[in-house]
1. Looking at (1) farther than 25 Å from Lys236 by Cα; (2) touching a Phe, Trp or Tyr at 6+ places or on another chain (Cβ under 8 Å), which is the only condition Pro140 fails?
2. Can you pull out every residue in the range 157-166 that is of a type in the set (A, V, I, L, M, F, W, C) and either surrounded by fewer than 17 Cβ atoms within 10 Å (Cβ to Cβ) or in contact with an Asp or Glu (Cβ under 9 Å, 6 or more places away or on another chain) (or both)?
3. Identify the residue in the range 187-197 that is surrounded by fewer than 20 Cβ atoms within 10 Å (Cβ to Cβ) and within 13 Å of the ligand (Cβ to nearest atom) and, among all such residues, is nearest to Asp133 (Cα to Cα).
4. Filter the range 4-23 down to the residues that are away from the ligand (no atom under 16 Å from the Cβ) and either free of Cβ contacts under 8 Å to residues at least 12 places away in the same chain or out of contact with any helix residue (DSSP H, G or I) (no Cβ under 6 Å at 6 or more places or on another chain) (or both), then identify the one that is nearest to Pro140 (Cα to Cα).
5. Filtering the range 59-104 down to residues that are of a type in the set (D, E, K, R) and outside any helix (DSSP H, G or I), which residue is farthest from Asp34 (Cα to Cα)?
6. Where residues in the range 206-222 are in a loop (DSSP other than H, G, I, E, B) and either within 16 Å of His118 (Cβ to Cβ) or touching a residue at least 60 places away in the same chain (Cβ under 8 Å) (or both), which of them is farthest from the chain's Cα centre (by Cα)?
7. Starting from the range 158-182, keep only residues that are within 17 Å of Gln229 (Cβ to Cβ) and among the small types (Gly, Ala, Ser), then list their pairs with residues that are within 11 Å of the ligand (Cβ to nearest atom) and part of a loop (DSSP other than H, G, I, E, B) whose Cβ atoms are within a distance under 9 Å, requiring at least 6 positions of separation or different chains.
Amino acid sequence: MQKVRKAVFPAAGLGTRFLPATKVIPKEMLTLVDKPLIQYGVEEAVNSGIENVIIVTGRGKQALEDHFDISFELAQTLAERGKDSILKELNKIHNLAQVSYIRQKQALGLGHAVLVAHDLVGDEPFAVVLPDDVVDAQEPCLKQMIEVYEKYQAPVIAVTEINGPEISRFGVIAHEKIDEYTYRITDMVEKPPYAEAPSNMAIIGRYILTPDLFPILAETGKGTGGEIQLTDGMKKLLASRPFYACKFKGKRHDAGDKLGFLIATIEFALKRKEFAEDLKNYLKNLSI
Ligand code: G1P
């Protein structure tokens, strides 16, 4: 069985949900406490055994490339000032993984973004990580999924329970339960109306996929929202091979949404020793 070595990060989106912050700054560079969203995703991938990171970028996204490169000026200044611990943190970033970049010239949808990475992925299984979805988990979400992939040797999608009308903002699966954390997928649909959702199991931005998806994506037309949807491509592939869902242990934050981003910021800050106590006291005494 081929190891999952590569992860594709679609990052060409315009970030319209976050304007005006994202007029010049890529949304993937927005920070939770002090780390950009993209770095959370890349660290999760690396901690799951991924060696090659493929970032699908677009115009105005150069900051992403600079972030994973060496910054000589900064490193030299920090060294001269004896700021060794910050320098160590900084050096970790460009040593995380081998990072490649490819441009998605038009924002035609998530399925199209994944297709753009075909040549860089080649003929092997790969992960897809949506940087907007930040998963806080003891065992990295992608690692949990790779374990399911290795057991069943089939594609795996991460899912979480969403109850209520909010489900229509997600891809949704129909499934048969295998155990508390694993399901076999029987159908999937992108952003169904609430009344038509086949379950309360929503797809989140973590996938382990196989290269037989690429030719299918190449033939997938526009779906929901006029975009080429990854869910539509996967649904077609589901007709010819089993697909599994991993109800991962952990918490997913929607950092692509303003409220979700604020909540993630607070929760990640509360996990940091240097802020936990003061922030908690501040929030407790807040009277607006
Ligand atoms: C994408 C996928 C959707 C999935 C979601 C998770 O939608 O198309 O199936 O549920 O990510 O965040 P988007 O949020 O990019 O519209």
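1. Failed condition: (2).
2. Ala158
3. We begin by selecting, within the range 187-197, every residue surrounded by fewer than 20 Cβ atoms within 10 Å (Cβ to Cβ); these are 187, 191-196.
Add one more test, that the residue is within 13 Å of the ligand (Cβ to nearest atom), and what stays is 191-192.
Numbers: Lys191: 16, Pro192: 20 Å.
Top of the filtered list is Lys191.
4. Arg5
5. Ranking the qualifying residues of the range 59-104, first place goes to Arg103.
6. Glu219
7. Ser168/Lys191; Ser168/Pro192; Gly171/Lys191; Gly171/Pro192; Gly171/Gln229
To keep it simple, each residue is scored yes or no on (1) over 23 Å from Leu115 (Cβ atoms); (2) modelled with pLDDT of 95 or more; (3) within 16 Å of the ligand (Cβ to nearest atom); (4) out of contact with any Pro (no Cβ under 9 Å at 6 or more places or on another chain).
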site	(1), (2), (3), (4)
Gln2	no, no, no, no
Lys35	yes, yes, no, yes
Ala45	no, yes, no, no
Glu89	yes, no, no, yes
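The values are calculated or read from the model by the stated rules, or taken from the named source; none is laboratory data. Quick caveat: nothing in here was measured; it's all calculated off a predicted structure. Cβ atoms come from the backbone with ideal geometry, glycine included; neighbour counts cover every protein chain shown.
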